[in-house]
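Written out below as C-alpha coordinates is the structure these notes cover.
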Amino acid sequence: MTTRVIVYHTTYGCDTGCCGHVVTIEDEQGNELEREFDFSHPYGGDKLEYAKDLVEASFSKEHIADLDWDSCIISDD
(Lines give C-alpha, C1' and ligand atoms only; values in the text may rest on other atoms or scores of the structure.)
Protein backbone atom coordinates (compact mmCIF):
# COMPACT_ATOMS: atom_id res chain seq x y z
CA MET A 1 0.00 0.00 0.00
CA THR A 2 1.26 3.47 -0.92
CA THR A 3 0.68 6.29 1.51
CA ARG A 4 1.39 9.99 1.21
CA VAL A 5 2.31 12.50 3.87
CA ILE A 6 1.03 15.99 3.12
CA VAL A 7 1.94 19.21 4.95
CA TYR A 8 -0.13 22.28 4.13
CA HIS A 9 -0.99 25.71 5.51
CA THR A 10 -4.56 26.27 6.72
CA THR A 11 -6.67 27.99 9.34
CA TYR A 12 -7.59 26.41 12.64
CA GLY A 13 -11.35 26.31 12.98
CA CYS A 14 -13.96 28.56 11.42
CA ASP A 15 -13.92 31.40 13.92
CA THR A 16 -10.42 31.50 15.43
CA GLY A 17 -8.59 33.52 12.80
CA CYS A 18 -5.52 31.45 13.70
CA CYS A 19 -3.47 29.55 11.15
CA GLY A 20 -0.75 26.97 11.03
CA HIS A 21 0.16 23.77 9.23
CA VAL A 22 -1.56 20.41 9.03
CA VAL A 23 0.25 17.11 8.55
CA THR A 24 -1.92 14.37 7.09
CA ILE A 25 -1.28 10.80 6.07
CA GLU A 26 -3.41 9.56 3.15
CA ASP A 27 -3.81 6.12 1.62
CA GLU A 28 -3.55 5.54 -2.13
CA GLN A 29 -7.24 6.42 -2.61
CA GLY A 30 -6.76 9.80 -0.91
CA ASN A 31 -8.52 8.83 2.33
CA GLU A 32 -7.12 10.67 5.33
CA LEU A 33 -5.71 8.19 7.86
CA GLU A 34 -4.17 10.57 10.39
CA ARG A 35 -4.16 14.33 10.90
CA GLU A 36 -2.16 16.64 13.17
CA PHE A 37 -2.41 20.45 13.40
CA ASP A 38 0.49 22.67 14.44
CA PHE A 39 0.39 26.47 14.84
CA SER A 40 3.99 26.90 13.63
CA HIS A 41 5.32 28.42 10.37
CA PRO A 42 8.69 28.17 8.56
CA TYR A 43 9.17 31.99 8.71
CA GLY A 44 11.38 32.16 5.64
CA GLY A 45 13.46 29.11 6.59
CA ASP A 46 14.06 26.01 4.50
CA LYS A 47 10.61 24.61 3.68
CA LEU A 48 11.81 21.01 3.26
CA GLU A 49 13.57 21.03 6.64
CA TYR A 50 10.49 22.61 8.20
CA ALA A 51 8.27 19.87 6.72
CA LYS A 52 10.65 17.12 7.88
CA ASP A 53 10.73 18.52 11.42
CA LEU A 54 6.96 18.92 11.54
CA VAL A 55 6.28 15.40 10.24
CA GLU A 56 8.82 13.92 12.66
CA ALA A 57 7.30 15.80 15.60
CA SER A 58 3.81 14.66 14.61
CA PHE A 59 4.47 11.00 13.87
CA SER A 60 7.90 10.12 15.41
CA LYS A 61 11.22 9.50 13.70
CA GLU A 62 10.71 5.74 13.53
CA HIS A 63 7.29 6.11 11.90
CA ILE A 64 8.65 8.24 9.04
CA ALA A 65 12.08 6.61 8.57
CA ASP A 66 11.21 5.24 5.12
CA LEU A 67 9.72 8.39 3.57
CA ASP A 68 11.10 9.37 0.16
CA TRP A 69 12.17 12.96 0.89
CA ASP A 70 14.09 13.17 -2.41
CA SER A 71 10.80 12.90 -4.33
CA CYS A 72 8.81 15.33 -2.22
CA ILE A 73 7.08 18.33 -3.72
CA ILE A 74 7.35 21.73 -2.03
CA SER A 75 4.62 24.16 -3.00
CA ASP A 76 4.67 27.76 -1.90
CA ASP A 77 1.03 28.53 -2.75
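The values are calculated or read from the model by the stated rules, or taken from the named source; none is laboratory data. Keep in mind that what you see is a predicted model, and the values were worked out from it rather than measured. For neighbour counting, all protein chains shown are included, and Cβ atoms are generated from backbone atoms with ideal geometry for every residue, glycine included.
Descriptive notes on the structure:
- Note on the range 42-59: residues that are closer than 13 Å to His9 by Cα, outside any loop (DSSP other than H, G, I, E, B) and not basic (Lys, Arg) total 3.
Yes or no, residue by residue, for (1) free of Cβ contacts under 8 Å to residues at least 60 places away in the same chain; (2) surrounded by 12 or more Cβ atoms within 10 Å (Cβ to Cβ); (3) of a type outside the set (Val, Ile, Thr):
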position: Gly17; (1), (2), (3): yes, no, yes
position: Gln29; (1), (2), (3): yes, no, yes
position: Glu34; (1), (2), (3): yes, yes, yes
position: His41; (1), (2), (3): yes, yes, yes
position: Ile73; (1), (2), (3): yes, no, no
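- The residues of the range 15-41 that are assigned to a loop (DSSP other than H, G, I, E, B) and small (Gly, Ala, Ser), listed by number, are Gly17, Gly30, Ser40.
- Hits in the range 18-34 (condition: of a type in the set (Asp, Glu) and under 13 Å from the mean Cα position of the chain (by Cα)): Glu26, Glu32, Glu34
- Scanning the range 46-71 for residues that are exposed (fewer than 12 other Cβ atoms within 10 Å of the Cβ) and at pLDDT 90 or above yields Asp46, Glu49.
- Some residue of the range 5-14 being surrounded by fewer than 12 Cβ atoms within 10 Å (Cβ to Cβ), in a loop (DSSP other than H, G, I, E, B) and in contact with a strand residue (DSSP E or B) (Cβ under 7 Å, 6 or more places away or on another chain): no
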